[in-house]
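The values are calculated or read from the model by the stated rules, or taken from the named source; none is laboratory data. Keep in mind the model is a prediction, meaning the values are calculated, not measured. In this analysis, Cβ positions are derived from the backbone assuming ideal geometry, glycine residues included, and neighbour counts consider all displayed protein chains. Only protein heavy atoms, including side chains, enter the accessible area calculation; ligands, DNA and RNA are left aside. Shrake-Rupley method; radii C 1.70, N 1.55, O 1.52, S 1.80 Å.
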Amino acid sequence: MNQIIAEIASILKDSETLLDSEIRLDQYLPKVMCELVSKAIEMIDLELIHTYKEKGYDIQKTMKRTVQFSYGAVEIRRRRMRKDGEKSIVPLDEAISLEEYIRYSPLVEMKAAKVASDGVYRKAADAINLLTPLQVSHTTVHKMVQKTGEKVQKWTDEAPSHIETPQKEKRKVPVLFIEGDGLLLKGRGEKNPELHRVQFHEGVTYVGKQKRPVLIGSQVFESTVSSKEAFKRAGQWLEAMYDIRETIIVSNSDGGSGYEKDKFEQIIGKCKKHEHFRDPYHVNEKINQRLSFDKPMIIEMRKAVSAYDKERVLSVLATTESRIEDEETRTEKEEHLRLLGAYLERNWESICPLKMRDLPVQNGIGICESNHRPYSYRMKRQGRGFSAKGAGNLASIISARKNGTLLEALRAELPAFEQTIVPEFKGAVRAVLKKIHRPSIGVKMGEIANYSSTSSPMGQLKKMFG
């Protein structure tokens, strides 16, 4: 310890500025930490091999291996042992569950996956290299993301079947919102993968002085395979977490293929009531598309739909048709009006606004579209292309982070996360601690201070010990 303190003091003395000293200490301290960890592990390894020697094992060779931890690269020196007629064994690897060929600790892989879920792999690698003692490439970060994403997807599919929550302990809420939507990504080949998302929550609360809206109990699920797969995942977790027999289900979608009302009903099952909505954003988008040739009537149609007035909608359609003056495009424009009328008629029941339905809530729908952002900001544009599998792995990490289940998933799927320290390892550590002696600091010397006359009480006490 004194040597380390002396080295730090020397760095501070030889540095011209505080910045210079910080740069040098930033390089020195992780190196010291890694060396200390390396020495401690080797001491533990020397204790572990005693047990095997008593069983007839002999040291075969000493091996070195470097593993990147979050605090730096640690060289792990340990002994391989062998006994006649049996396979060789590495006691330290067995004790700490050190997997073969692993070069990065599970925590490093998890943190790298988190960083990469917010930015491109090159930027993630740059951030890790800048802020930690590690040196990783963007290809390494990509591999970490794919490995982590596969584990998360596996856990998401299998975990609900292992959750044995009694029916009486499941969550019971008056209203539960469920929404679904798709997000088209750029592919690497001819086919562009689509990210299918299903999300449910219990409502909206407003926090802070700015009254920022926050979803209550939000859970998101995704799939690049199909919308059916995304609904299946959401349905499994819905069944495992909630008792919805007395719950009003409010569902919302754009009505596209794979997101019809019956797709929601398949995962809901028995509930108190199911109210389905056609997403207002997409309804207005359809109006803009079909009435693009007469912009003043777009506003009138939006007002009619918002007021949920069917007669007014028909009146706007008729008025718009009468305003067509160009005979060359009349047929095309009339076809747009016919298609818009058919769309509104087909979805009229689902278009009814939330405030006009007999429900105990006044807001909470339309969140799936805005909640695309963590995915779209990371996975769209800027020349980014994905395979369906790669997109699915990355999206699963984003979903797990939003759900707060990333660490739980990795604990269940990666042995290194859930492996407890074996008794043999703890015994070796205790043996090492017994051998570490603290140096004696000798006899402490002291003196009684006296700031008054020798005849004072303190002066007399000093004479007695003098």
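Here is how the numbers come out for the structure above:
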| item | result |
| --- | --- |
| Test: residue in segment 356-372 that is of a type in the set (A, V, I, L, M) and over 30 Å from TYR206 (Cβ atoms) | no |
| Identity of the residue in segment 215-225, aliphatic (A, V, I, L, M) and in contact (Cβ under 8 Å) with a residue 24 or more places away in the chain, that ends up surrounded by the most Cβ atoms within 10 Å (Cβ to Cβ) | VAL220 |
| Selected residue (only one of GLU179, GLU164 is in a loop (DSSP other than H, G, I, E, B) and of a type outside the set (Ser, Thr, Tyr)) | GLU164 |
| Hits in segment 27-61 (condition: in contact with a strand residue (DSSP E or B) (Cβ under 6 Å, 6 or more places away or on another chain) and either surrounded by fewer than 17 Cβ atoms within 10 Å (Cβ to Cβ) or closer than 30 Å to ILE8 by Cβ (or both)) | PRO30, CYS34, VAL37, SER38, ILE41, GLU42, ASP45, ILE59, GLN60, LYS61 |
| Residue count for segment 183-214, restricted to those that are within 14 Å of HIS372 (Cβ to Cβ) and open to solvent by 10 Å² or more (accessible area, probe 1.4 Å) | 4 |
| Subset of segment 318-344 [loosely packed, with under 13 Cβ neighbours inside 10 Å and either in a helix (DSSP H, G or I) or in contact (Cβ under 8 Å) with a residue 40 or more places away in the chain (or both)] | ALA318, SER322, GLU327, GLU328, THR329, ARG330, THR331, GLU332, GLU335, ALA342 |
| Every pair of residues 6+ apart whose Cβ atoms lie under 6 Å, when the first sits in segment 57-76 and is outside any strand (DSSP E or B) while the second is among the hydrophobic types (A, V, I, L, M, F, W, C) | TYR57/MET81; SER70/LEU107; SER70/VAL108; TYR71/MET33 |
| Residue match in segment 161-170 (condition: of a type in the set (Ser, Thr, Tyr), within 17 Å of the chain's Cα centre (by Cα) and surrounded by fewer than 21 Cβ atoms within 10 Å (Cβ to Cβ)) | no |
| Residue within segment 103-112 that is open to solvent by 20 Å² or more (accessible area, probe 1.4 Å), farther than 22 Å from ASP26 by Cα and assigned to a loop (DSSP other than H, G, I, E, B) present | yes |
| Check on GLU334, over 41 Å from the mean Cα position of the chain (by Cα) and not hydrophobic (A, V, I, L, M, F, W, C) | yes |
| Flag for THR329 being more than 20 Å from VAL175 (Cα to Cα), at pLDDT 95 or above and β-branched (Val, Ile, Thr) | no |
| Residue check, SER376 out of contact with any Gly (no Cβ under 8 Å at 6 or more places or on another chain) and part of a helix (DSSP H, G or I) | yes |
| Residue that is part of a helix (DSSP H, G or I), in contact (Cβ under 8 Å) with a residue 24 or more places away in the chain, farther than 24 Å from ALA395 by Cβ and not β-branched (Val, Ile, Thr), where the choices are LYS286, LYS263, LYS228, LYS232 | LYS286 |
| Residues of segment 143-184 that turn out to be among the aliphatic types (A, V, I, L, M) and closer than 14 Å to ASN393 by Cα, as a count | 3 |
| Long-range neighbours under 6 Å by Cβ, at least six apart or interchain, first residue farther than 25 Å from GLU35 by Cβ and in contact (Cβ under 8 Å) with a residue 24 or more places away in the chain within segment 115-138, second open to solvent by 50 Å² or more (accessible area, probe 1.4 Å) and of a type outside the set (A, V, I, L, M) | TYR121/HIS138; TYR121/HIS142 |
| Checking LYS272 against (1) without any contact (Cβ under 8 Å) to a residue 24 or more places away in the chain; (2) surrounded by fewer than 16 Cβ atoms within 10 Å (Cβ to Cβ); (3) more than 32 Å from the chain's Cα centre (by Cα), the condition it does not meet | (1) |
| Filter pass, GLU75 being among the acidic types (Asp, Glu) and at pLDDT 90 or above | yes |
| Scan of segment 358-383 for residues that are basic (Lys, Arg) and open to solvent by 30 Å² or more (accessible area, probe 1.4 Å), ordered by number | ARG373, LYS380, ARG381 |
